[in-house]
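Let me begin by presenting the structure, written as structure tokens, before commenting on it.
Since every read-out is calculated from the coordinates, none of them should be taken as a lab result. As the structure is a prediction and not an experimental result, all values here were calculated from the model. Glycine also receives a Cβ, built like all others from the backbone with ideal geometry; neighbour counts cover every protein chain displayed.
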Amino acid sequence: MAPPPSNPRFDLIIRRAKVVDGTGIPAYVADVGIEGDRITKIGRIEEEAVRVIDAEGLLLAPGFIDVHTHYDVQLDWDPIAIPSCWHGITTVLAGNCGFTLAPAKPEDVGWLAGMLSRVEGMSPAALAEGLKFKGGGHGEYWGRFEGNVGVNVAAFVGHSAVRRFVMGDAASDREATPEEIEAMKECVRQAMREGAIGFSTSQLDLHVAEDGREVPSNYASADEVVELCSVLAEFDRGACEIIPRSFGRGYDDADRELILRMHEASGRPVELNLLFPSAEDPESWSRSLEFCREENAKGARLHPQFATNRGGVHIKVSDTFVFDDMPKWREVLCLVEPERSEKLRDPAIRAQLQEDFTLEAGKAIGATWENLAVEKVVHKANEGKVGKTIAELAAAEAVEPIDCFLDLTLEEGLDTWFNLVTNPEAATFMDHVCATVMKHPFAMAGSSDGGAHLATFVGADYTTNLLTDFVPSVLTLEEAIFKLSYMPAIVHGLTDRGAIREGYFADLVLIDMERLAKGDTWLASDFPADSEHFVVDSKGYVATIVNGSIVLEENKHTGALPGHVLQGG
């Protein structure tokens, strides 16, 4: 091997790459030179570098920006945000859905962690062992990660945390007074001063805290939400993010009005998570998309998110949120042992659970006894049940499905794994929905939920799925890369990121498109307290570069931690 040149101008040169620069212009072949953390030359480069990568035949794109994550806590023990980093991600946006751990008084950190545990499917044991934050503001929380992470991270300030900070336990019981709203506005204002990229909230009935009550943001009036969004107008930056109450059902009139008021009060983009059909109304997503089309044509900036992942939903009764939009299920499953199991054995309680399960309103995941199947069992004697639906097992045993389901999981300490069986027609319909939404010029790829629902599903492969399954059949390569990089950078004000341009930060991903594919999915147990979490890897990501440093080569961490805590500009 030849010795490195003396005094080279560049730290890294990527030669002869097929460059898709993120802006939407056609791909071109070029060398890209990097000095420090910036791209300083694009074109034919004759000079030498400390390291040169021959990228002939490879795609060079801006690093992808994962717009919907909950890595707020995981970064305490996983500085590279696995598995998002395995799919070309160089920047993660945290603090979505109104769920953050800051601002927080020291005595409220435990309550907020419990909320995250229930709502976002984070292991209580992992949080107890791994969370290092003891209380403070947005800047104190996120400042801990500067220089200690391998990906860039930016974060919203969350409504539920702000509400809890101002109102204490009353945040989960009632609407706020005008004085409390003013105090909350000051919390948002301070977080924006400390680098928050905007304000996030959730109004979704499914979101229930550890104590069985709905999360604090669900008790807020529309006026409160709008007032908090108005703080962003003072800074003329940032974005608002919301999961509307009518998510999945087609935005109702109240939510449409709220979304528009949020936009008008803030003067900023509004992210809508997520356009998704409900089991009761499969066309609900199209009405929501049409609403966004119509309002954007009038000058609004509404950005619906779409997801391309098909990883499936895994359910373990001892640790799940998926039934929380059904009141009786929520009431019982939020209990602690042994009371929870005692209630699940009670025939009268079972009758109420069955009544809930058949209601049209509820079951956000669309579970039925016909599509809920046994995935993994604890006891060897039950292995013959794996792969069979509850309806099939109940018929064979001549019992009611509710009894079949609960008897099995109670026998196994509530640790039986179930999953949803998707029929081919449903999968085809979901692809149709995804393809239609992603062609909307304002629609943004996302909703990986990285760092959340760790034992329920894994969505970090959405970038890989978009590039392998929807290019070029739905989007051109250039359009897809734009939605994964430059578009989210623009929406969130991430200055000098998201595109391959001279002077921009060198957040890059080098891909072998011929090998690019989603890899295996498995249940890992390497979190604090040996907590389990689903991960999905990939093939074809040759190198992932963050701020000019190679962080991963073929998805193997180099040890580099060059990530920054970003502030919206």
Quick check: residue separation of GLU56 and ASP431 times 0.36 nm, minus the Cα distance between them. What number comes out in nm? 131.7 nm
Electrostatic dipole magnitude of the range 314-420 [Cβ: Lys, Arg +1; Asp, Glu -1; Cα centre; debye, to 20]: 180
Computed E for LYS132/ALA396 - FRET, C-beta separation, R0 41 angstrom, nearest 0.05: 0.25
Cubic angstrom per residue, convex hull over Cα atoms of the chain: 151
Flagged as over-length at 22 Å C-alpha distance, from LYS343/LYS380; LYS18/LYS41; LYS18/LYS539; LYS105/LYS132, the pairs are LYS343/LYS380
The answer for the net charge of residues other than ASN547 whose Cβ lies under 14 angstrom from its Cβ, with Lys and Arg +1 and Asp and Glu -1, is -4
Value of relative contact order over the range 314-420, rounded to a whole percent, pairs C-alpha under 8 Å and six or more apart: 35
Taking 0.36 nm per intervening residue step and subtracting the Cα-Cα distance, what contour gain separates SER221 from ILE25 on full extension? 66.2 nm
At most 12 other Cβ atoms within 10 Å and a DSSP loop assignment: could you name the trypsin sites (Lys or Arg not before Pro) in the range 1-55 that fit? ARG44
Loop-located GluC sites (Glu not before Pro) in the range 265-329, at most 12 other Cβ atoms within 10 Å (DSSP): GLU283
Based on alpha-carbon centroids, what's the gap between the range 97-133 and the range 174-206 in Å, whole number please? 18
How many nm separate the modelled label positions at ILE349 and ASP526, each set 7 Å beyond the Cα in the direction of the Cβ? 3.8
Give the shape of the range 211-321 as rounded, prolate or oblate, defined through the alpha-carbon gyration tensor: a ≥ b ≥ c are the square roots of its eigenvalues, a/c under 1.5 means rounded, and otherwise the shape is prolate if a/b is larger than b/c and oblate if not. oblate
For the range 1-89, listing GluC sites (Glu not before Pro) in a DSSP loop whose Cβ sees at most 12 other Cβ atoms within 10 Å gives GLU46, GLU47, GLU56
Go through 198-204, 520-526 and give me the packing order, highest mean Cβ count within 10 Å leading. 198-204, 520-526
Dipole-positive endmost among THR495, THR521, PHE505 within the range 481-569 (Cβ charges, Cα centre): THR495
At 0.36 nm per residue, and after removing the present C-alpha to C-alpha distance, how many nm does the segment from ALA125 to ASN296 gain when stretched out fully? 57.1 nm
Taking the Cα-to-Cβ direction at ILE490 and at THR422 and moving 7 Å from each Cα, how far apart do the two end points lie in nm? 3.0
Relative contact order (percent) for the chain, with alpha-carbon contacts under 8 angstrom and 6 or more residues of separation? 22
Packing-wise, with mean Cβ within 10 Å as the measure, how do 173-180, 132-139 rank, highest first? 132-139, 173-180
Ordering of 114-127, 419-432 by burial proxy (mean other Cβ atoms within 10 Å per residue, highest first): 114-127, 419-432
If you take the charge dipole of the chain about its Cα centre, with +1 on Lys and Arg Cβ and -1 on Asp and Glu Cβ, which of GLY238, VAL542, ALA396 is farthest toward its positive end? VAL542
Among the Cα-Cα pairs of the range 314-420, the proportion with separation greater than 24 Å, in percent, is 14
Per the C-alpha gyration tensor (a ≥ b ≥ c, the square roots of its eigenvalues), the range 456-569 is rounded if a/c is under 1.5, else prolate if a/b beats b/c, else oblate; here it's oblate
Any of LYS328/LYS385; LYS518/LYS556; LYS316/LYS388; LYS316/LYS376; LYS439/LYS518; LYS376/LYS518 with alpha carbons more than 18 Å apart? Name them for me. LYS328/LYS385; LYS439/LYS518; LYS376/LYS518
Which percent, nearest 5, of DSSP beta bridges in the range 106-253 are antiparallel? 10
